[in-house]
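So the structure is just underneath, and the comments pick up after that.
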Amino acid sequence: MSLQAKEATLVTMEDGRITSEKGINIELVQKDDLIKVIPGAKVPVDGVVIDGKSSADESFITGESMPVVKKQGSTVIGGSVNQKGLLIVKATHVGNDSTLAQIVRLVEEAQTSKAPIQQLADKIAGYFVPAVVILSLLTLIGWTIVGYYTTDSKMTPLLRFETVIKVAMEAAITVLAIACPCSLGLATPTAVMVGTGVGATNGILIKGGEPLEKIHKATTIVFDKTGTITEGRPRVVALHCNRSPVVLPLRTIALVCGSTESASEHPIGSAVTQFAREVLGSSDWAAVSRFHVAAGHGVSCRLDGLKRVTNMITNDSRTILSLGAGEEITIPGTEIKLHQLATMDAPRSGGSLDSVEVVIGSERMMAKLSIEIDDKTRMQMHEEQLNGRIAVLCAINREIVCVICIADQVKKEAAMAVWALREMAMRIVLLTGDNAKTAESTAKWVGIDEVFAEVLPNQKQEKIKQLQNAGEKVAMVGDGVNDSPALASADVGIAIAAGSDVAIESAGIVLVRNDLIDVVAAIKLSKATTRRIRYNFLFAIIYNLLGIPIAAGIFRPVGLVLQPWMAAAAMAMSSVSVVTSSLLLRRFKKPTFGTLYCARFKEHEAMLAKGEFRVSVHRGLDDSGVFRSRTSSRLSALSSKLDSLLGSTSSIASGFGQKRKYALLEEKDEDIEREEER
């Protein structure tokens, strides 16, 4: 397993100090061994942290896009990546008992349990060939009997026999020749070959005829979230400033944030640094000193030389923006929303900021450092958290200057792909290991009304089986190792090519271009291919229904006779016709965002933007949302259309006032704190 570490560092400890360490092969690690995990290294085995503090990237197992804080007593998963901080881990599960090994075993079991599909052509040929042989024998016997009754009785017995048998044999051989099931045999493989070729040309790799035939029969499409519906990497999506842009312009805020996080290896830090580069158009940072990381909470440091770096910045079109309180725009050249929350004075030191103390982190970190947060900023921060985003505060000289909102951005085409699938009467489900709040927010953005959140890899497979047991034909779309068991268990697995090798191996269809609209294209291509196969069968059957009677000599009395060579030529022409029919699949046009965009989607998009889309969220293996009636299955597309036209009745409650909003936020505070602990 390439995702697993090859070696582990075995240590011994006395009185909390490491007394010896030794590198060993991963297969030699035993339960209860103490393992040292350095920053940036993979955790060798499942275990429990007994010393150290860090964060770990477990997205390939849990689907959680953000690193998880690890401290004494925390469990770690073999194969996850230690971020920044040394950990001493006590091994609890090794070898075949590890989480990663169990995932691989689930994938193998799911793959071997699939029975090969029996092609329609095999069924037809199984009956057709014996029937033709019998028909040929009956033709031989029939013309032999007829011949003896119709030939001149004055002929010698030998000549009469030769004449009768010649006519009877010609008719029997002609029947065999014209009814050769070549066209039937070519009907399926030629269409499948052309269909898979067309798919590959359009960035859809289909592993054979089975997934090509099955995908259009799917009634439920299950999407993973991280890396499938979303981009799989955090990025800054909004900035809420509470200082006057005249005294503290955007470029200064961007420079302060980028300089501070440039020394961080955390994904959130990388997102903030990338945001600063986009805004400034430069990677020149102020001098950083006294840099400190509070794992899971934020960073702090001292910056010097801000004036010098600010004077070097020439990208004024993005960095000199003057907004009034409450106004917002999109920062030119980016997709980041800039919201002027308030226009207070600059933090201490006035407008000539050159050397400053900076803290970027969570609300809890600000409280720990006794940095006061005003009500308006706190309100904005909690609103973003309720929307499933990560909101961090930036303080300069112990005064809050802005709220930075970070999210795993939804792919641009995701809402279009989901809408198009719903228009095809598909049931759409979001299945993720991420927390329920983030999953719900993502579902609202893309228009998925059923969410199963906080689901582990083996539970994902179980959820797929629950749906199948409810009578659904399930297609699973995913990209990670944690999706692999579900991909293998689904009727059709669809993997993102940018994902893990295990997921690609488990799936029957691979989307090379990482474009979710290709899911729609794969279904349409499957329908086109299946339709072409049926046309081929119909042509072959009609050809035989017309050709066999003529070959059998039914029209001989009126002078219409086929010779064996004519039947052979006709048989060859039927095969050529079937191949030509299959080649017409090359005219298939893959749907794109532009071809799918229409007035109905525009209305649907507007409803999503208003936040009026209703979502049902379930946690873990909760099966209350699995079963549905056939009627609701068929009416899912109609429901989508009605929602787009009429919107949700929840909008009626939008005018109850700001007091109700504050009450709702306070009710959610405890949930937010629990999610931060996770």
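The values are calculated or read from the model by the stated rules, or taken from the named source; none is laboratory data. The structure presented is a predicted model; accordingly, all values stated were derived computationally and were not measured. For neighbour counting, all protein chains shown are included, and Cβ atoms are generated from backbone atoms with ideal geometry for every residue, glycine included.
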Exercise for review: Could you tell me which residue of the range 202-245 is modelled with the lowest pLDDT, considering only residues that are more than 24 Å from LYS412 (Cα to Cα) and touching a Pro at 6+ places or on another chain (Cβ under 8 Å)?
Suggested key: GLY209
**Study point:** Elements of type strands (runs of 3 or more DSSP E) in the range 359-457, at least 1 residues being among the aromatic types (Phe, Trp, Tyr)
**Key:** 450-453
Review point. Do the conditions hold for ASP449, that is, is it within 22 Å of GLY209 (Cβ to Cβ) and at pLDDT 90 or above?
Key: no
Check your understanding: Going by the conditions given, is GLY227 closer than 25 Å to ASP518 by Cβ and either under 32 Å from the mean Cα position of the chain (by Cα) or among the small types (Gly, Ala, Ser) (or both)?
Key -> yes
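For every residue, the table says whether it meets (1) at pLDDT 75 or above; (2) touching an Asp or Glu at 6+ places or on another chain (Cβ under 8 Å); (3) among the hydroxyl-bearing types (Ser, Thr, Tyr); (4) more than 22 Å from LEU562 (Cα to Cα).
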position: ILE117; (1), (2), (3), (4): no, yes, no, yes
position: LEU120; (1), (2), (3), (4): no, no, no, yes
position: TYR127; (1), (2), (3), (4): yes, no, yes, yes
position: LEU138; (1), (2), (3), (4): yes, no, no, no
position: ILE165; (1), (2), (3), (4): yes, no, no, no
Check your understanding: Of all residues in the range 554-578, which are outside any helix (DSSP H, G or I) and under 29 Å from TYR535 (Cβ atoms)?
Key -> ILE554, PHE555, LEU560, LEU562
Exercise for review: Go through VAL356, VAL403 for me and flag whichever is surrounded by 17 or more Cβ atoms within 10 Å (Cβ to Cβ) and under 22 Å from GLU327 (Cα atoms).
Suggested key: VAL403
Review point. How about the range 460-491: which of its residues are more than 17 Å from the chain's Cα centre (by Cα) and either closer than 15 Å to THR228 by Cβ or surrounded by fewer than 24 Cβ atoms within 10 Å (Cβ to Cβ) (or both)?
Key: GLU462, LYS465, GLN466, GLN468, ASN469, ALA470, GLY471, GLU472, LYS473
Check your understanding: Is there a residue in the range 514-535 that is over 26 Å from VAL429 (Cβ atoms) and in contact with a Leu (Cβ under 8 Å, 6 or more places away or on another chain)?
Key -> yes
Exercise for review: Residues that are among the charged types (D, E, K, R): find the strands (runs of 3 or more DSSP E) completely inside the range 162-267 holding 3 or more of those.
Suggested key: 230-243
Check your understanding: VAL403 passes all but one of (1) over 22 Å from GLU335 (Cα atoms); (2) in contact with a strand residue (DSSP E or B) (Cβ under 8 Å, 6 or more places away or on another chain); which number fails?
Key -> (1)
Practice item. Considering only the range 5-25, state which residues are without any contact (Cβ under 8 Å) to a residue 12 or more places away in the chain and either in contact with a Lys or Arg (Cβ under 8 Å, 6 or more places away or on another chain) or at negative phi (or both). Key: GLU14, ARG17, THR19, SER20
**Study point:** Subset of the range 40-72 [closer than 19 Å to ILE229 by Cβ, in a loop (DSSP other than H, G, I, E, B) and either modelled with pLDDT of 85 or more or touching a helix residue (DSSP H, G or I) at 6+ places or on another chain (Cβ under 6 Å) (or both)]
**Key:** GLY63, SER65
Practice item. Output the residue which, of all residues in the range 517-573 that are under 30 Å from ILE145 (Cβ atoms) and of a type in the set (S, T, N, Q), is farthest from the chain's Cα centre (by Cα). Key: GLN563
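Yes/no per residue for (1) surrounded by fewer than 24 Cβ atoms within 10 Å (Cβ to Cβ); (2) more than 28 Å from MET379 (Cβ to Cβ):
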{"position": "VAL222", "(1), (2)": "no, yes"}
{"position": "ASN242", "(1), (2)": "yes, no"}
{"position": "VAL246", "(1), (2)": "yes, no"}
{"position": "CYS257", "(1), (2)": "no, no"}
**Study point:** Residues of the range 308-351 satisfying the condition of being at pLDDT 80 or above and of a type in the set (Lys, Arg)
**Key:** ARG308, LYS337
Revision key, fill the gap. For the range 224-248, pairs from a residue that is more than 21 Å from PRO267 (Cα to Cα) to a residue that is basic (Lys, Arg), with Cβ under 8 Å and 6 or more apart or across chains, are ASN242/LYS376
